[in-house]
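> Sharing a structure with you now.
The values are calculated or read from the model by the stated rules, or taken from the named source; none is laboratory data. Nothing here was measured: the structure is a model prediction, and the numbers come from that model. Cβ: placed from backbone, ideal geometry, glycine included. Neighbour counts: every protein chain shown.
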Amino acid sequence: MNDTLGDMRRSHHCNALGAADAGAQVVLMGWVQRRRDHGGVIFIDLRDREGITQVVFNPDRNAAVHEKAHAIRSEYVIAVRGVVEKRPEGMTNPLLATGEIEVMVSELKILNRAQTPPFMIEDQVDVNENTRLANRHIDLRRPSLQKNIMMRHRAAAAARRYLNDQGFLDIETPFLTRSTPEGARDYLVPSRLNPGSFYALPQSPQLFKQLLMISGFERYYQIVHCFRDEDLRADRQPEFTQIDMEMSFVGEEDVMAEAEGLIAAIFREVGRIEASPPFARMTYQEAMDRYGLDRPDTRFGLELCDISDIVAESGFNVFSNTVKKGGIVKALNARGCAGFTRKEIDDFTDFVAVYRAKGLAWIRVKEGEWQSPITKFFSEEEKQAMAARLDMQPGDLVFFGADQPVIVNESLGQLRNHLGKKLGLIDENAYAFVWITDFPMFEYDETEKRYQALHHPFTAPAEEDLAKLASDPVSMRSRAYDLVLNGSEIGGGSIRIHQKDVQVRVLEALGMDRAEYEEKFGFLLSALDSGAPPHGGIAFGFDRLMTILCNTSSIREVIAFPKTQKGACLMTAAPASATPAQLSELGLKVRRVEQS
RNA sequence: GGGGGCGUAGCUCAGUUUGGUUAGAGCGCCGGCCUGUCACGCCGGAGGUCGCGAGUUCGAGUCUCGUCGCUCCCGCCA
């Protein structure tokens, strides 16, 4: 039963044959998608990665082979030799690329049997993700996943081709490296040869690619795995892939131009849509002002509007007190939404509460009057100013957020995206790119009572802001840039610090003393002092980019073997406990093991 | 660390609100019949630790508590 290939070798894939091939002797190999046994003639839909071809076993044409075909079941792996025949009149299948023909089988080899699959190899059945991930090798046979994974390959190939042509060198960097402070939690790997010491898996090859610039390679790239031990999301995996690049003797414009060329090359390859650089630009400040988020979805309007100045002295204490305490009041005019029910508005209040907004004020604009619990608190003057600035027309529904800027911007920005979807304002076929520039260099961390780098500590400050390092770090801008596509951050980078003294001053601003930065970044500082060229780069989240290009909602649909939200691999049951012998070799002791 | 959703046949789900006979359906699977189907058709059949564990009760898929897993989100992710 378990035939070997013998002298059979595949002549065509299962989507290759058409009417023009009629009469040809062919050999096809693949998996049995479906068997239709009519008692006499047996039809089999044979599937390989390229498509499906119907093969036919006819007792009148070859009784022995027809007999053998009775044993075939779903997902058996078979090889067939036969003649391509045009299907009889009226028997063609227009839904199949190969629907004009079929292969009349003269020789059958059953290469392997298969258990009945736990779910059907079809796109339309939606299966529990548990079951899918536990049987990922079967899940991956489904056409949609095959398509995603193959598109991912083509995108990666296009990226490599483009970067190779632009003079970038593909250079590998280590996975077993050193834990760096700041940023995400590291995955640690114990060192057997140095008990008690640990490697860290890289969050990104950041410092290595800078060192490669200092070494004189001038242009580097790598499609590389990165690791971050943080909680997962629909768009976040513990290990993920970056298209990472770095260039010497460049400024922002040079990196952004190469990045645009790269993205355009990828889009051209996957044939999705033309991405035509140069992409739009927006400063961080403008993005926050107009959209509330540093990753604005610019496919639709519905922009936020600051009205703090109008309501600063108003009788509505929620607004005026917020402004007095340094907060802001922003509004969002949902055009024509006055018809929303009280229940719907309450749902929006719940929606923004998730982002720590304490409430959501609103005004329904009716002909000649405002319907709202807060209207009575405003003076005529204030109302007129609001109406003018927000262009309030009858039929509009205006939402207000009042709180500290981070909360107002985040909650109203998310509400804006939510409304954009709910109201159908988003053109699903549009690809809206925008560069976000002029990020702040630092932000103040209230819990840790110190400054933190918004991007990372190796990002160069804007040269004209360097003087503020000691006096007013929060007002400094950095030379960082993010590329945003349809409201999703797909890449980010910066011009790096290439002078030791500047790097030292930045590390000091982050609260490190000399002993600490020498211990943690001594190698970098020494390298910067050895003839470091001005350099900068960018990294793209390849999985996220593919999620958008494949038009799917989960990053797991573009990764062959993804992990669950708790970082488990349901196929291999990783992570798993280590044996006492392994632990002992590593000099480790597990403090407590629960469960059984 | 926190909040929401889900877990019943191989798969998708109904049944849970209001506890009560032997837990159902579709698909799939197995067997039989069938020579032109392509979601083939017809007939018959098998298949269940209702995620797991306690508790309440004469009686639990259904109520209570705990727990595990998957998922979405907040925090986190320079």
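> Please go through the stretch A:181-220 and pick out each residue that is more than 26 Å from residue A:583 (Cβ to Cβ) and more than 24 Å from the chain's Cα centre (by Cα).
A:181, A:210, A:211, A:212, A:213, A:214, A:215, A:216, A:217, A:218, A:219 - these are the residues of the stretch A:181-220 that are more than 26 Å from residue A:583 (Cβ to Cβ) and more than 24 Å from the chain's Cα centre (by Cα).
> If you take the residues of the stretch A:484-507 that are more than 20 Å from residue A:209 (Cα to Cα) and in contact with a strand residue (DSSP E or B) (Cβ under 6 Å, 6 or more places away or on another chain), which of them is surrounded by the most Cβ atoms within 10 Å (Cβ to Cβ)?
Looking at residues that are more than 20 Å from residue A:209 (Cα to Cα) and in contact with a strand residue (DSSP E or B) (Cβ under 6 Å, 6 or more places away or on another chain), I get A:484.
> Within the stretch A:163-237, which strands (runs of 3 or more DSSP E) (wholly inside it) include 2 or more residues that are hydrophobic (A, V, I, L, M, F, W, C) and surrounded by 17 or more Cβ atoms within 10 Å (Cβ to Cβ)?
By residue number, A:219-227.
> So which residues in the stretch A:1-38 are among the aliphatic types (A, V, I, L, M), loosely packed, with under 14 Cβ neighbours inside 10 Å and either in a loop (DSSP other than H, G, I, E, B) or modelled with pLDDT under 95 (or both), if there are any at all?
Hits for the stretch A:1-38 are A:1, A:5.
> A further question on this structure: Considering every residue within the stretch A:527-539, establish whether at least one is closer than 17 Å to residue A:284 by Cβ and either more than 29 Å from the chain's Cα centre (by Cα) or aromatic (Phe, Trp, Tyr) (or both).
No, there is no match, as no residue in the stretch A:527-539 is closer than 17 Å to residue A:284 by Cβ and either more than 29 Å from the chain's Cα centre (by Cα) or aromatic (Phe, Trp, Tyr) (or both).
> Is it fair to say residue A:144 is more than 10 Å from RNA strand B (Cβ to nearest atom), farther than 30 Å from residue A:40 by Cβ, over 22 Å from the mean Cα position of the chain (by Cα) and at pLDDT below 95? Even if it seems obvious, please write down each step before you answer.
Values: more than 10 Å from RNA strand B (Cβ to nearest atom): yes; farther than 30 Å from residue A:40 by Cβ: yes; over 22 Å from the mean Cα position of the chain (by Cα): no; at pLDDT below 95: yes.
Against the criterion (more than 10 Å from RNA strand B (Cβ to nearest atom), farther than 30 Å from residue A:40 by Cβ, over 22 Å from the mean Cα position of the chain (by Cα) and at pLDDT below 95), residue A:144 does not qualify.
> Let me ask something additional. Pairs, please: C-beta under 7 Å, at least 6 apart or cross-chain, first residue more than 17 Å from residue A:224 (Cα to Cα) and in the stretch A:186-213, second more than 13 Å from RNA strand B (Cβ to nearest atom) and acidic (Asp, Glu)?
Partner pairs satisfying both residue conditions: A:192/A:585.
> Does the stretch A:275-286 contain at least one residue that is in contact with a Pro (Cβ under 7 Å, 6 or more places away or on another chain) and without any contact (Cβ under 8 Å) to a residue 40 or more places away in the chain?
No: the stretch A:275-286 contains no residue that is in contact with a Pro (Cβ under 7 Å, 6 or more places away or on another chain) and without any contact (Cβ under 8 Å) to a residue 40 or more places away in the chain.
> Here's a follow-up. Evaluate the stretch A:440-461: report whether one residue or more is over 30 Å from residue A:496 (Cβ atoms), among the β-branched types (Val, Ile, Thr) and at pLDDT 95 or above.
Taking the stretch A:440-461 first, the residues over 30 Å from residue A:496 (Cβ atoms) are none.
No; the residues of the stretch A:440-461 include none that is over 30 Å from residue A:496 (Cβ atoms), among the β-branched types (Val, Ile, Thr) and at pLDDT 95 or above.
> Quick check: anything in the stretch A:524-546 modelled with pLDDT under 95, touching a Lys or Arg at 6+ places or on another chain (Cβ under 6 Å) and within 26 Å of residue A:198 (Cβ to Cβ)? Let's see the steps before the verdict.
Filtering the stretch A:524-546 down to residues modelled with pLDDT under 95 leaves none.
No, that holds for no residue.
> I'd like the full set of residues that are crowded, with 17+ Cβ neighbours inside 10 Å and either part of a strand (DSSP E or B) or aromatic (Phe, Trp, Tyr) (or both), limited to the stretch A:273-304.
Across the stretch A:273-304, the qualifying residues are A:279, A:282, A:284, A:291, A:300, A:304.
> Cβ-Cβ distance below 7 Å, separation of 6 or more or different chains: which pairs start in the stretch A:116-144 with a residue that is under 13 Å from residue A:557 (Cβ atoms) and end on one that is surrounded by fewer than 16 Cβ atoms within 10 Å (Cβ to Cβ) and of a type in the set (D, E, K, R)?
A:142/A:122; A:142/A:123; A:143/A:123; A:144/A:123
> Can you pull out the strands (runs of 3 or more DSSP E) entirely within the stretch A:386-450 that have at least 1 residues that are within 19 Å of residue A:345 (Cβ to Cβ) and not small (Gly, Ala, Ser)?
Numbers: elements: A:397-403, A:433-437, A:442-445.
Passing ranges, in order: A:397-403.
> Just to be sure, is residue A:60 closer than 26 Å to residue A:143 by Cβ, within 13 Å of RNA strand B (Cβ to nearest atom), more than 41 Å from the chain's Cα centre (by Cα) and exposed (fewer than 14 other Cβ atoms within 10 Å of the Cβ)? Walk me through it before giving the result.
On the way: closer than 26 Å to residue A:143 by Cβ: no; within 13 Å of RNA strand B (Cβ to nearest atom): yes; more than 41 Å from the chain's Cα centre (by Cα): yes; exposed (fewer than 14 other Cβ atoms within 10 Å of the Cβ): yes.
Judged against the criteria, residue A:60 is not a match.
> Is it true that residue A:129 is near RNA strand B (Cβ under 6 Å from one of its atoms) and under 16 Å from residue A:25 (Cα atoms)? Lay out the reasoning, then the answer.
Numbers: near RNA strand B (Cβ under 6 Å from one of its atoms): yes; under 16 Å from residue A:25 (Cα atoms): no.
Judged against the criteria, residue A:129 is not a match.
> Still on this structure: Taking the residues in the stretch A:451-469 that are within 14 Å of RNA strand B (Cβ to nearest atom) and assigned to a loop (DSSP other than H, G, I, E, B) as candidates, determine which candidate is surrounded by the fewest Cβ atoms within 10 Å (Cβ to Cβ).
A:454
> Select from the stretch A:543-596 the residues that are away from RNA strand B (no atom under 11 Å from the Cβ), buried (at least 18 other Cβ atoms within 10 Å of the Cβ) and not in a helix (DSSP H, G or I) and list them in ascending order.
Listed by number, the residues that qualify are A:550, A:559.
> Continuing with the same structure: Quick one: in the stretch A:524-542, which of the residues that are in a helix (DSSP H, G or I) and free of Cβ contacts under 8 Å to residues at least 60 places away in the same chain is nearest to RNA strand B (Cβ to nearest atom)? Talk me through it step by step, then tell me what you get.
Our first condition is that a residue be in a helix (DSSP H, G or I); within the stretch A:524-542, this holds for A:524-528, A:542.
Among the residues that remain, those that are also free of Cβ contacts under 8 Å to residues at least 60 places away in the same chain are: A:525-526.
Working: A:525: 16, A:526: 20 Å.
Restricting to residues being in a helix (DSSP H, G or I) and free of Cβ contacts under 8 Å to residues at least 60 places away in the same chain, the top hit is A:525.
> Could I ask something else about it? Here is a list of conditions, (1) part of a helix (DSSP H, G or I); (2) on the phi > 0 side of the Ramachandran plot; (3) not charged (D, E, K, R), and residue A:321 meets all of them except one; can you say which number that is?
(2)
Each row is one residue, and each column tells you yes or no for (1) surrounded by 15 or more Cβ atoms within 10 Å (Cβ to Cβ); (2) of a type outside the set (Lys, Arg); (3) more than 7 Å from RNA strand B (Cβ to nearest atom).
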site: A:85; (1), (2), (3): yes, yes, yes
site: A:108; (1), (2), (3): yes, yes, yes
site: A:114; (1), (2), (3): no, yes, yes
site: A:119; (1), (2), (3): yes, yes, no
site: A:139; (1), (2), (3): yes, yes, yes
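> When you check residue A:97 against the structure, is it of a type in the set (A, V, I, L, M, F, W, C) and either surrounded by 14 or more Cβ atoms within 10 Å (Cβ to Cβ) or within 29 Å of residue A:117 (Cβ to Cβ) (or both), yes or no? Break it down stepwise before answering.
Numbers: of a type in the set (A, V, I, L, M, F, W, C): yes; either surrounded by 14 or more Cβ atoms within 10 Å (Cβ to Cβ) or within 29 Å of residue A:117 (Cβ to Cβ) (or both): yes.
Spelling it out, residue A:97 is indeed of a type in the set (A, V, I, L, M, F, W, C) and either surrounded by 14 or more Cβ atoms within 10 Å (Cβ to Cβ) or within 29 Å of residue A:117 (Cβ to Cβ) (or both).
> Cβ-Cβ distance below 6 Å, separation of 6 or more or different chains: which pairs start in the stretch A:432-446 with a residue that is free of Cβ contacts under 8 Å to residues at least 40 places away in the same chain and end on one that is part of a strand (DSSP E or B) and surrounded by fewer than 21 Cβ atoms within 10 Å (Cβ to Cβ)?
If the second residue must be part of a strand (DSSP E or B) and surrounded by fewer than 21 Cβ atoms within 10 Å (Cβ to Cβ), the pairs left are A:443/A:452; A:444/A:451; A:445/A:452.
> Answer yes if at least one residue in the stretch A:389-406 is within 16 Å of RNA strand B (Cβ to nearest atom) and hydrophobic (A, V, I, L, M, F, W, C), and no otherwise. First the steps, then the outcome.
The first filter runs over the stretch A:389-406 and keeps only residues within 16 Å of RNA strand B (Cβ to nearest atom), leaving A:401, A:403-406.
Those left that are additionally hydrophobic (A, V, I, L, M, F, W, C): A:406.
Yes, some residue in the stretch A:389-406 is within 16 Å of RNA strand B (Cβ to nearest atom) and hydrophobic (A, V, I, L, M, F, W, C).
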